[in-house]
1. Would the stretch 424-515 count as rounded, prolate or oblate if I go by the C-alpha gyration tensor, calling it rounded below 1.5 in a/c and otherwise prolate when a/b exceeds b/c, oblate otherwise?
2. Quick check: residue separation of ASP355 and ASP397 times 0.36 nm, minus the Cα distance between them. What number comes out in nm?
3. For the stretch 363-402, just say rounded, prolate or oblate: build the C-alpha gyration tensor, square-root its eigenvalues into a ≥ b ≥ c, call rounded for a/c under 1.5, and beyond that prolate if a/b exceeds b/c, oblate if not.
4. Within the stretch 470-494, whose backbone N sits under 14 Å from a point 7 Å along Cα→Cβ of LEU231?
5. I'd like to know how the chain sits against the 2.2 N^0.38 Å rule of thumb: what's its Cα Rg over that expected value?
6. With charges set only on the Cβ (+1 for Lys and Arg, -1 for Asp and Glu), what does the dipole of the stretch 1-133 come to about its Cα centre, in debye to the nearest 20?
7. Tell me the angle of helix 470-479 to the major Cα principal axis of the chain, expressed in degrees between 0 and 90 and rounded to the nearest ten.
8. For ALA500 and ILE312, what does the FRET efficiency come to when R0 = 25 Å and r is the distance between their Cβ atoms, rounded to the nearest 0.05?
Amino acid sequence: MTPPPAAPGRSSLNAARRERELAALPDEVVDVLVVGLGATGAGAALDAAARGLSVAAIDARDLAFGTSRWSSKLIHGGLRYLASGQVDVAYESAVERGVLMARTAPHLVRALPFVLPLTPLVPHRQAALTRAGLAAGDALRAAAGTPRALLPGPRRLSAVETLRLAPALRPHGLRGGLLSWDGQLADDARLVTAIARTAAAHGARILTRCRALAVTGDGAEVRDELTGRTLTVRARSVINAAGVWAGGLVDGVRLRPSRGTHLVVRAESLGGLTAGVQVPVPGATARFLLVLPQGDGRVYVGLTDEPADGPIPDVPVPSEGEIGFLLDILGSALDLPVRRADVAGAYAGLRPLLDDGQGATADISRRHQVLTSADGVVTVVGGKLTTYRRMAQDAVDAVLAGGRVECGRPSRTARIPLVGAAPPDRLARLDAPRRLVRRYGTEAPLLAALAREEGAGALEPVVPGLPVTRAELDWAVRHEGALDAGDLLDRRTRIGLVAADRDAALPAAETALTRQGIVPDSV
């Protein structure tokens with residue numbers, strides 16, 4: 001039996017640490033101030049801190065409050081970009097997928113099989129082109145250095161094999177299927193939390209509920225959203241990683257966000273799904289509807305790519321048109337359709353795309369961009385969740401190129417395991433429930449020990465039918481920086497994706513906050 005690791009220590013984020021570090025900040029000049037604590041902002045904080053720079057990273061709300069938590073929960077290998085001729089973007093995605101799966105987050109990312117059913121709506125020519133694309137994607141995996149043991153190769157399936165993996169598919173006319181593999185995250189918001197905590201372990205100050213009111217090349221005016229107090233944060237350099245809000249902080253950054261919507265359905269609506277399903281979107285080249293089992297009794301179905309003009313909302317809202325579109329495409333492949341009443345929830349995220357004058361948002365390149373303003377603020381936009389680490393590295397490199405900060409060290413983040421990471425064989429030996437290992441890695445035994453200390457019910461589900469436990473809520477307050485019920489239900493766990501589940505879990509979240517001396521605000 002593997003002994004449990006040491007207590008979280010320097011990586012722990014909590015209300016007391018936030019108050020202490022925020023109070024000391026006005027007396028210092030940090031090397032790098034990062035604005036935004038999504039995946040890229042947290043990644044920039046880690047990259048800079050790991051090079052030995054002093055770092056403060058702030059967010060107006062919470063870790064992963066914006067786009068980072070609204071993804072498909074996939075670590076893509078870049079196949080779609082190959083189809084559109086963006087070979088460099090595809091290769092970068094494949095490399096970063098391998099980094100996450102093999103070194104930095106093997107506890108959070110696993111291989112997920114995908115089935116593309118060969119229905120009468122998929123002509124033989126399209127099937128042949130898709131097989132060629134899957135073979136090219138596998139060659140990309142090999143070029144990126146990702147072992148076959150982590151991602152098996154694609155192959156043809158018989159109709160019987162296809163239905164075994166996805167029983168809800170329509171058997172009539174089914175010619176079989178195409179099997180491929182990609183990376184799946186246990187949860188995107190958990191990835192951001194792990195990045196932020198790893199940055200904290202390297203000395204970065206991770207400060208949520210701190211809103212940047214004005215940003216310049218040498219710092220920012222910041223308001224503590226918990227107290228209303230304003231302070232000046234002085235910095236030698238500033239990275240704007242505010243995502244879809246980045247254009248509101250720095251002049252000259254023109255974004256054209258697009259909205260991606262997913263449905264949340266109960267697993268029973270899709271009858272024993274054990275693989276992801278790719279359903280071709282009629283009339284589109286290399287575009288698929290994705291059906292993604294989550295292992296928690298839920299399945300995500302997505303996604304759309306619609307222009308999102310106008311003011312940027314805190315929480316984007318899916319349109320009924322998008323929900324109907326997704327249900328229609330899904331129904332084209334199922335024996336029994338999923339109806340509107342079967343949709344337990346829906347969520348939408350806004351992609352922070354740089355406006356390049358293209359006609360449709362779907363045509364805008366997903367290649368990330370790093371821009372430096374006249375007064376030296378470095379802004380990073382575009383990209384994908386999969387490539388957050390490279391985006392962060394490029395942003396810090398741009399800071400160093402500007403000459404405001406001296407540091408001779410290159411980026412080390414491709415080799416730094418995130419909090420909880422360990423090789424798969426070590427993870428398999430941990431004395432903790434498998435679900436906790438998949439979400440907390442080497443910290444799972446500590447969380448299980450916390451549950452034993454708390455006594456009866458600590459490892460029981462907070463909501464019937466969902467696996468999230470009371471101990472996880474307590475852990476999030478003690479070690480993951482959760483400051484209110486929204487942090488607990490909407491980001492540290494994903495209970496809040498279904499409104500009825502959120503309502504049922506709210507008392508447990510408020511109790512977890514109260515146990516740690518935080519007055520709940522019942523959000």
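Any read-out appearing in this document is the output of simple, stated calculations on the displayed coordinates, not a laboratory observation. Keep in mind it's a predicted model, so treat the numbers as computed, not measured. Virtual Cβ from ideal backbone geometry, glycine too; neighbours counted across all protein chains shown.
1. prolate
2. Working: separation 42, 0.36 × 42 = 15.12 nm, distance 2.33 nm.
Full-extension gain reported as 12.8 nm.
3. On the way: a/c = 3.33, a/b = 1.57, b/c = 2.12.
Oblate, because a/c is 1.5 or more while a/b does not exceed b/c.
4. None, by backbone N distance to the label point.
5. After normalising by residue count via 2.2 N^0.38 Å, the value is 0.94.
6. 740
7. Around 40 degrees separate the two axes.
8. Rounded to the nearest 0.05, the efficiency is 0.35.
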